[in-house]
Each structure stands twice: as structure tokens, then as C-alpha cells.
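What follows is a set of notes on a single structure, which appears directly below.
Each reported figure results from applying straightforward, stated rules to the coordinates on display, with no laboratory input. Note that this is a predicted model, so its numbers are computed, not measured.
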Amino acid sequence: MSGKTLTVPARLLRHCFHKLRRVFHLDPRRMYYGSPQVATGSAVRTVDLRSDTVTKPGADMRRAMAEAEVGDNVFGEDPTVNELQKFSADMFGMEAALYVPTGTMSNLIAVMVHCSERGDEMIVGDLSHIHVYEQGGSAQLAGIHSATVTTLGDGTFDLNQLISKIRHSYPNPHYPRSRLVCVENTHNIQGGRVLPLSFLQEGLGAPVGTMLGGSKDFIQRAVRACTVLGGGMRQLGVLAAAGKIALSDMIGRLEEDHRKARSFAQALLQCDPPLYQLDLNTVETNILRFRLRDTQMSPVEFCKRMAGVDEEEVEALGQGVKVLMFPHYGGAVRAVWHLGISEEDNQLAILKAQFVAQQHKLKSNRAS
């Protein structure tokens with residue numbers, strides 16, 4: 001978000017807050033990967049790269065939740081929530097912070113505070129999460145108009161185009177009033193790209209998360225918006241305790257996820273036969289988007305094959321490997337690394353991708 005507003009990415013709180021990201025026309029509840037073909041009697045290892053939201057609380061986190069000191073959060077009397085909010089504000093250099101249930105609600109609250117009157121306007125990237133995946137909630141619930149600018153390959157905007165979208169003729173009653181520019185970082189659809197500091201200058205923004213940060217005045221107004229949206233939860237410390245663990249203990253290990261994603265990407269480029277296409281320079285975080293060189297295999301078909309196991313695979317690899325991924329925006333495939341993916345899981349996923357490429361080439365040769 002613009003100014004001094006921050007929404008923490010859900011990856012930092014993924015252990016306790018689960019938010020399923022949808023893919024335009026695909027219903028995750030009915031995805032093909034739910035019932036892959038499995039070879040009879042084979043041992044199958046599942047590597048779930050659909051999203052970092054599939055991770056689960058560990059023993060330390062569950063213990064912290066069970067032992068959390070709680071109070072009435074609406075009265076401001078939950079000590080664990082208060083500690084989490086202060087910790088988050090200090091971590092990101094904000095005056096105050098507010099815990100809210102979901103990233104979508106956090107985004108909507110920020111929009112409602114910045115655009116305080118119905119008919120105000122926010123400027124967003126055309127591929128941003130807030131524009132694509134959140135059901136148009138800013139218009140649906142808050143009456144806020146959206147103007148879009150083109151999202152570049154690295155997640156940034158053309159600043160000249162952005163400036164041209166800002167309406168300066170406020171006295172003219174025909175125009176909505178430009179109040180807010182929303183910036184997404186890291187960028188989901190663009191494969192987890194990190195915006196350069198020279199572009200951001202100050203402040204960060206991301207469309208998924210549960211900690212909303214800003215000035216004290218901003219957070220006071222955010223509390224009102226949160227309440228009307230149903231976010232006024234009472235003994236919230238049970239969940240806030242998990243959030244404290246995620247922010248204090250888990251950030252340091254995010255680099256492991258980034259390394260595994262890059263290792264997987266490098267393996268795809270080295271695959272023989274060359275089925276996969278990607279730019280290694282764009283692999284900056286734990287999100288990877290890649291394409292298939294052979295148009296005869298669609299992203300949907302590829303993901304179905306990665307999730308399935310047959311006798312030929314078991315014989316070649318020594319076991320079945322079920323790798324879950326998403327067909328994604330723009331004819332790509334998306335994979336996301338997280339706490340639940342071990343080094344062995346990563347190597348098995350690489351072997352499966354290599355096997356699928358080899359099997360596809362053999363079938364194509366037979367068909368020709």
C-alpha cells in the first residue's frame with residue numbers, strides 16, 4: 001500500500017493462517033490432483049508445491065498456542081495479541097500494527113481507510129492480487145473505484161503510465177478522486193518477484209497477510225473498518241501465539257525455500273530433453289513460474305502427469321512420486337516451496353520432472 005501502510009506476506013504466518021489462492025477458472029476443490037492414478041501396491045511420496053499455505057503448525061507452535069495467555073481482544077485486553085502487534089510494528093518500523101484474520105480482509109481494510117468516501121479511486125496493477133483474486137471486494141463492499149496500470153515483468157509499473165492515471169481535477173464532479181496507489185511485493189502472479197528498493201524508496205506492500213501496519217491514526221481507523229467486516233475477534237491470543245512464533249523464529253529459514261526453488265529451476269533448465277522454459281534471473285523467492293516448450297502438453301496436462309503415478313515411473317525411479325503444482329495465469333505452471341519441503345522432497349520433485357520430460361518425448365516419438 002502507499003504511504004506508511006504495510007501488509008505482511010502470508011508466507012511469514014503460513015503456519016497458522018490458511019488462505020487458498022484460486023486460479024481464475026479452476027476450482028481448487030475439484031482439481032485433478034485430488035485423485036491421481038497410482039500404481040497398485042506402490043509406495044508413493046507426496047511433494048506438495050501448490051502453495052505455502054499448506055504447511056501445518058509444528059510442535060513448538062502448537063505448544064505456544066495451547067499455553068497462550070488470552071483476554072478480550074476487542075477490549076484491547078489480550079496480552080498475546082498486543083505483544084504480536086507491537087512486535088510486528090517494531091519489526092517493520094511502523095508506529096502501530098493490527099492483527100486481522102486474513103490477507104484479503106487486511107487489504108480491504110487498508111483500502112477503506114485510505115479511500116474514506118464511496119466513489120474514491122485506487123490505482124492498482126492489472127495483475128495484482130487485490131485486483132485479480134479478491135472478488136472486487138473494494139467495489140463490492142466499500143464502493144471504491146479501481147483504475148489499473150500495466151504490471152511489468154518484474155512486478156513494477158511504468159511510472160509515466162502511473163502518473164497519467166492520477167486524476168488532479170477534484171473540483172470536477174464527473175471524476176472519481178484518486179486516493180491510493182497499491183503496490184504488491186513480492187508479486188504473486190509474476191512468480192514471487194521482489195521489487196527493487198530503488199522503485200519502492202520507502203514502505204512495502206503485499207496483497208496477502210494478516211498483520212496490517214501503519215501510523216497510530218491509521219490503525220485506529222483500521223480497527224473500525226475491521227469491526228464492521230466482522231474481524232473483531234475476542235480471545236485471539238491462541239492464534240496470535242502462533243503468529244509470534246512465525247515472525248520471530250521462521251523468517252530466518254525462508255532463505256532455504258528460496259534456495260530450493262532456485263535449485264529446482266536450475267534442474268529444469270538442465271533437463272534432457274529440454275521441455276521446460278524459464279528465466280533463472282526471475283527466480284528470486286520461493287515462488288517459481290515456468291512454461292512448457294512443447295505446446296502439445298498443456299499446463300493442466302503437465303500438472304496432472306506430475307500428480308499421477310504409474311508402473312513405468314515406479315520401475316524407473318524406484319518409487320512413486322506425486323508432485324502437486326498449479327497451472328497458472330498466462331499458460332504457465334506455478335510451484336511454491338515452504339517449510340514442509342525437505343531437501344529429499346526437492347530432489348524427488350526434480351527426478352519426477354525429468355521423468356515426465358523423458359516420458360513425454362518417448363510418447364511423442366511413438367506418435368510420430
Point to revise | Anisotropy class of region 58-101 from Cα gyration tensor, a/c 1.5 cut | key: oblate
Review point. Shape of region 97-150 from its Cα gyration tensor (a ≥ b ≥ c, root eigenvalues): rounded if a/c is under 1.5, otherwise prolate when a/b > b/c, or oblate?
Key: oblate
Check your understanding: So how much slack lies between Ile251 and Ser298, counting 0.36 nm per residue of separation and subtracting their Cα-Cα distance, in nm?
Key -> 13.4 nm
**Study point:** Of all DSSP beta bridges in region 59-251, antiparallel share, percent nearest 5
**Key:** 40 percent
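Grab the Cα-Cα distance for Lys216 and Glu77, subtract it from 0.36 nm times how many residues apart they are, and report the gain in nm with one decimal.
So the extension gain works out to 48.3 nm.
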Check your understanding: For region 272-368, rounded, prolate or oblate, judged on the Cα gyration tensor with a ≥ b ≥ c (square roots of eigenvalues), a/c < 1.5 rounded, else prolate if a/b > b/c?
Key -> oblate
Review point. Counting pairs of alpha carbon atoms under 8 Å apart in space and at least six apart in sequence, what relative contact order in percent does region 59-251 give?
Key: 37 percent
Review point. Kirkwood hydrodynamic radius of region 59-251 from all distinct Cα pairs, in Å?
Key: 17.8 Å
